[in-house]
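Beneath this line is the structure, given in structure tokens, with notes to follow.
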Amino acid sequence: MEVKSLRIAEWNANGLANHKLELIQFLHNNNIDVLLASETHFTDRTVLKIPQYSLYHSNHPDGTAHGGAAIIIRTALQHFEAPAYQTDKIQASILRITDRSWPLYIAALYSPLPQTPHRRVRIRYIPPPPRIPIHCGRRMER
């Protein structure tokens, strides 16, 4: 079955597990298909389950509860996870949604303030964009 539209939201969580009830209410009240979250603050011990949704995340590689990115997607949507990207500068989760006539790659990423002004970091393994590219993201600024 081909999906005609997707409801996508972005959330700077500042600790996603701490806002579980608010998150569940937001997803259901707004009929969200895909949520891109930054600043998840997950560790390898974090467990977050949301009925009717799947969660994919990329934690900070030092194992402590800061940074991080996640994608929360309606389980009914056909999708595949790409390998997570984890460095001290960028954490990214990437999915391919296959319920469309063309593939849609979607990514949630977290990148803290740059240590050096005007420094660019590229993630080279992200697949080429679909015929109609969609870009969402947030760069932390102070």
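Points to keep in mind about this one:
- Checking every residue in the range 7-28 against the condition of being on the phi > 0 side of the Ramachandran plot and assigned to a loop (DSSP other than H, G, I, E, B) gives at least one match.
- Considering Q52, Q91, the condition of being of a type outside the set (S, T, Y), surrounded by 11 or more Cβ atoms within 10 Å (Cβ to Cβ) and either under 29 Å from Q25 (Cβ atoms) or at pLDDT below 85 (or both) is satisfied by Q91 alone.
- Where T64 falls short, out of the listed (1) crowded, with 20+ Cβ neighbours inside 10 Å; (2) free of Cβ contacts under 8 Å to residues at least 24 places away in the same chain: (1)
- When E2, E10 are checked against the criterion of being under 23 Å from Y105 (Cβ atoms), modelled with pLDDT under 90 and touching a Lys or Arg at 6+ places or on another chain (Cβ under 9 Å), E2 stands alone in meeting it.
- Condition broken by T46, with the remaining ones in (1) modelled with pLDDT of 90 or more; (2) of a type outside the set (F, W, Y); (3) touching a helix residue (DSSP H, G or I) at 6+ places or on another chain (Cβ under 8 Å) satisfied: (1)
- Among the residues of the range 29-54, those that are of a type in the set (D, E, K, R) and either in contact (Cβ under 8 Å) with a residue 12 or more places away in the chain or on the phi > 0 side of the Ramachandran plot (or both) comprise D33, E39, D44.
The values are calculated or read from the model by the stated rules, or taken from the named source; none is laboratory data. All of these numbers come straight from a predicted model, not from anything done at the bench. Because the Cβ atoms are built from the backbone with ideal geometry, glycine has one as well, and the counts that use them run over all protein chains shown.
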